[in-house]
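A.B. asks: The structure that follows is given in the form of structure tokens.
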Amino acid sequence: MTRLQAETVPNYQMFIGGRWVASHSGGQYAVFNPARGSVLARVPRGDAEDVGAAVDAAKRAFEDQGWRKMDPSKRGRILFKVSQLLRERLSDLAKLETLNTGKPLGQAKGDIAMSARHFEYFAGLADKVQGSTIPVPGNRLDYTLKEPIGVTAHVVPWNYPLVMAARSIAPALAVGNTVVAKPASFTPLTLLKFAEACKEAGIPDGVVNVVTGGGDELGGALIGHPDVKLTALTGSVETGMKVMKIASSNLSRVILELGGKNPHIVFADAELEKATTAVLNGIFTNAGQMCWAGSRLLVEAGVKDALMTKLVAGANEMKLGDGLEPDTSMGPLVAQSQRDRVADYVAVGTAEGARIAAGGAAPTEEELSGGYYYRPTILDGVTQNMRVAQEEIFGPVLTVSTFEGQDDAIAQANDSEYGLWAGVWTRDLRKAHTMAAELEAGIVAVNEEPITFPQTPFGGFKKSGNASEQGIDAVSSFVRVKNVSVNLD
Ligand code: NAD
């Protein structure tokens, strides 16, 4: 790196107890701009001691009662203020998200707007989480109280750095918990900026804390901390299993939002133009780094050739580039390691007998040579027994298989250890609803692009997770229920 670059790389700090701090060891690490492979910033490399300080701050803020016993309408207004600040800063935050993840700016703007929407939605719920009175025998009054549970940990992936954090932090705060958040080590920047907004909005010191560093280094200290009462992890199945094991030492609650290998099912009677757009967006948005990517195309044999022609043309037309360039339709992968992973899977697929119908390599253009780009890729001739049909590639790779009739579509779609999302394209209403009922997925989209809202549940079946986030019921994950029985005699 040149001297000038070294001087202009900003240093970020962690946010603990309402203060910006370095790691106690003074250690830092570099985060990169994946479009160029250049250093974007330096952030503290936290360790168990830093995690301990953050959990202590969150515990004190919980015990202090200023947040949890606050008039819930006021708590809601503060959360609403957070959402307003995110909207006011949308341009800057989206630019930072693009610089750190590589995603096109338009997609990053959508992420920040969605983060603000999560805060708006749960701000409105802050004074609506209520218990019930229960009819019981005798002269008794029986009722329930819904109480916050304490310090909650939020462990966040790198594909949607701010929005995945906002999705679980907003309901946790709405009901009066305190928070220690850990961004993915590749992409910590927008979550640190979010902490700034929390402070400005009036969230008391210690209620929101952000620690940075590696998952394996911080994970045990955070999730296994005796004062952490709940962990919300969005990440891979492998990490989910580790987190559950760590949490078992305290029997603390675990909310897991994990990976997917999602079928996008196109019947012969589908509107092919619309289906084509949805299939392309479903796999190439965010360079395919999406838990709910429609990564497995199942197409009814009769329309396979027609659909493939459109998909291959669409994939080849995509413009790879820096997410800040206005004509970029797909950015780089987040890191060299992710690009290697994608390339390895494409090699596995071809060795298994799949045929590359589009992409299948990194681009060769000189201007893309510094970044972690990989071409939008379509693997044809894929069958259920292949690894590329079963394992989450987490990149811009669509596998294509054919089916014959509804039962075959259901059988292939459900032949997966994952169960997060499924898309169905048909004009037949009966078929559509039968598919929705039979598919083993927490989210089903019918004649619809992958779309979600703060008010609609988002969660996976099978190894894709153990809970739903978003929606009115999401708050119940973040409260404990107390039953009070009063004898009136
Ligand atoms: P990951 O599992 O590698 O990491 C997720 C988070 O866990 C990161 O913050 C990481 O530092 C942390 N972590 C890693 N090891 C840990 C450990 N031993 N203890 C505690 N924390 C640890 O996942 P990723 O690569 O960041 O993200 C991609 C994965 O996330 C994919 O599988 C994707 O499908 C999934 N994902 C799921 C959803 C959903 O809503 N279901 C959304 C986005 C991403």
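Values in this text are rule-based calculations from the coordinates and carry no lab data. What you see is a predicted model; the values in this text were computed from it and never measured. Cβ: placed from backbone, ideal geometry, glycine included. Neighbour counts: every protein chain shown.
A.B. asks: How high is the FRET efficiency between residue 127 and residue 147 when r is their beta carbon distance and R₀ equals 22 Å, given to the nearest 0.05?
C.D. replies: Working: r = 15 Å, r/R0 = 0.68.
In this case the efficiency is close to 0.90.
A.B. asks: For the range 354-401, run through the GluC sites (Glu not before Pro) and keep only the ones in DSSP coil with at most 10 other Cβ atoms within 10 Å of their Cβ.
C.D. replies: Details: sites: 365, 366, 367, 391, 392; in loops: 365, 391, 392.
Filter output for the range 354-401: 365.
A.B. asks: A follow-up question, please. Give the order of 451, 134 when sorted by the count of other beta carbons within 10 angstrom, beginning with the fewest. It would help to have the intermediate numbers written out before the result.
C.D. replies: Details: 451 10, 134 13.
Result, fewest neighbours first: 451, 134.
A.B. asks: Then there's this: What does the net charge come to around residue 24 if you take all other residues with beta carbon closer than 15 Å to its beta carbon, with K and R at +1 and D and E at -1?
C.D. replies: Numbers: positive: 19, 45; negative: 47, 49, 50, 56, 217.
Local charge sum for residue 24: -3.
A.B. asks: For the range 426-489 and the range 130-156, what is the separation of their Cα centres, given in Å?
C.D. replies: 21
A.B. asks: Turning to a different aspect of this structure: Could you please rank 472, 393, placing first whichever residue has the fewest other Cβ atoms within 10 Å of its Cβ? Mind showing how you got there, number by number?
C.D. replies: Working: 472 16, 393 26.
Listing 472, 393 from fewest to most nearby Cβ atoms yields 472, 393.
A.B. asks: Taking the dipole about the Cα centre of the range 139-297, with the C-beta of Lys and Arg at +1 and of Asp and Glu at -1, give me whichever of 176, 275, 195 is farthest to the positive side.
C.D. replies: Positive-most Cα among the choices belongs to 176.
A.B. asks: Considering only DSSP beta bridges whose two residues both sit in the chain, what percent are antiparallel, to the nearest 5? Walk me through the numbers before you get to the answer.
C.D. replies: Details: 28 of 67 bridges.
If I count the DSSP bridges inside the chain, around 40 percent turn out antiparallel.
A.B. asks: Also: Rounded to the nearest 0.05, what FRET efficiency do residue 8 and residue 301 give with R0 = 60 Å and r taken as the Cβ-Cβ distance? Could you check? Don't skip to the answer; put the middle values down first.
C.D. replies: On the way: r = 57 Å, r/R0 = 0.94.
Plugging the Cβ-Cβ distance into 1/(1 + (r/R0)^6) gives 0.60.
A.B. asks: Take the cross-link list 103/199; 229/482; 81/103; 59/128; 245/463 and give me the ones stretching past 23 Å between alpha-carbons. Don't jump to the answer; show the numbers that get you there.
C.D. replies: On the way: 103/199 28 Å; 229/482 16 Å; 81/103 27 Å; 59/128 25 Å; 245/463 15 Å.
Check vs 23 Å cut-off fails for 103/199; 81/103; 59/128.
A.B. asks: Among residues other than residue 351 whose Cβ falls under 13 Å from its Cβ, what is the net charge (Lys/Arg +1, Asp/Glu -1)? Intermediate results must be reported in sequence, preceding the final value.
C.D. replies: Working: positive: 355, 387; negative: 344, 352.
Computed value for this residue: 0.
A.B. asks: Roughly how far apart, in whole Å, are the Cα centres of the range 11-62 and the range 213-259?
C.D. replies: 19
A.B. asks: In degrees, nearest 10, range 0 to 90: what is the angle between the Cα axis of helix 161-174 and the longest Cα principal axis of the chain?
C.D. replies: 30
A.B. asks: So how tilted is helix 105-125 from the main axis of the chain? Cα-based, degrees 0 to 90, rounded to 10.
C.D. replies: So the inclination is approximately 40 degrees.
A.B. asks: Determine the sum of side-chain charges near residue 487: Lys and Arg each +1, Asp and Glu each -1, restricted to other residues whose C-beta is under 11 angstrom from that of residue 487.
C.D. replies: -1
A.B. asks: Also, quick follow-up: Mind checking the range 49-94 for trypsin sites (Lys or Arg not before Pro) that DSSP puts in a loop (not H, G, I, E or B) and that have at most 16 other Cβ atoms within 10 Å? Mind showing how you got there, number by number?
C.D. replies: Working: sites: 59, 60, 68, 69, 74, 75, 77, 81, 87, 89; in loops: 68, 69, 89.
Qualifying residues, ordered by number: 69.
A.B. asks: Hey, fewest Cβ within 10 Å first, where do 290, 241 land in order?
C.D. replies: Values: 290 22, 241 13.
Lowest count first: 241, 290.
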